[in-house]
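Have a look at the structure below before the remarks.
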Amino acid sequence: MKATLLKLTALLLILAGVAATCNKPPLDYPVNIPFTEYSLNGIQCQWANLAYDGKVIIINSNEELEKYITCASKNYPEIDFSKHSLLLANGTKNSGIVKVNINNLQQIDSNNYKLNIKITSFESTVAETWVKALIVKKMNIENNTKLNITEEQWSLGLELGYYKEKIGGTYKVQFYDRENLGLHSQYLTVVYDFKYEIFRDSIKIKADVPNAKFNTYYFHIINNTKFETNFPDLTSTDSVYYIFEK
């Protein structure tokens, strides 16, 4: 009797477990998947053999990874492929690229993923390629990861054109390329070249003037039609500031 009761109890427990599994609510897709960006910056390695076709490659071993990396020596950052996979996204943009950011990686269903990337670009006649790599939990090679790319146009935040200083001359502000702009003086023959640096609260542009006592000065954007700069003063050791308005 006791044996029969034990068997019946065990059967009921098994049936209860099956029922609980069957009644488990389905996973609510999409799900954000954690990742860590993987970079070759600062080492003597670079990506190779990529088609730059807007696709994502799933890499699950060092042997596979070495197909896409060239190094002076095998000193690229190690990945534990027993637990992780490397997603290697790459593509081409028919304009200049300022930056490429990964917004998130989402699992759409049991076998499909979406990698959301934002590209900031600027007008250019030269196409550029880009690569983004990220480490995730182990994925099957059969899993399908598609790119979803959004774009925004880069802006320095300053309208180009002619700006006048109250007691000084007039300068024409123009871009040389995505990292440089020039101030062309209307009255002088000199041309000031600047390189910009983006800060949290403003965009500052620094420049060097050869053979000047003050060879380090800056260009600060106040708003889209007003900027401040301090040109080198060759007659003193004081910094001279000017504000230009369009």
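Numbers at a glance
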item: Lone unmet requirement of (1) without any contact (Cβ under 8 Å) to a residue 24 or more places away in the chain; (2) on the phi > 0 side of the Ramachandran plot for S155; result: (2)
item: Condition broken by K93, with the remaining ones in (1) basic (K, R); (2) in contact with a strand residue (DSSP E or B) (Cβ under 7 Å, 6 or more places away or on another chain); (3) surrounded by fewer than 15 Cβ atoms within 10 Å (Cβ to Cβ) satisfied; result: (3)
item: Residues of the range 150-164 that turn out to be closer than 21 Å to Q106 by Cα and surrounded by 15 or more Cβ atoms within 10 Å (Cβ to Cβ), as a count; result: 0
item: Boolean, I108 is surrounded by fewer than 17 Cβ atoms within 10 Å (Cβ to Cβ), hydrophobic (A, V, I, L, M, F, W, C) and in contact with a Pro (Cβ under 8 Å, 6 or more places away or on another chain); result: yes
item: Candidate set from the range 67-91 (those that are touching a residue at least 40 places away in the same chain (Cβ under 8 Å) and not in a loop (DSSP other than H, G, I, E, B)); member that is farthest from N140 (Cα to Cα); result: G91
item: Residues of the range 50-66 classified as charged (D, E, K, R), surrounded by 14 or more Cβ atoms within 10 Å (Cβ to Cβ) and either in contact with a strand residue (DSSP E or B) (Cβ under 8 Å, 6 or more places away or on another chain) or part of a loop (DSSP other than H, G, I, E, B) (or both), total; result: 2
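We did not get these values from a lab; they are worked out from the coordinates using the rules stated. Computed from a predicted model, the values in this text were never measured in an experiment. Neighbour counts run over all protein chains shown; Cβ positions are idealised from the backbone, glycine included.
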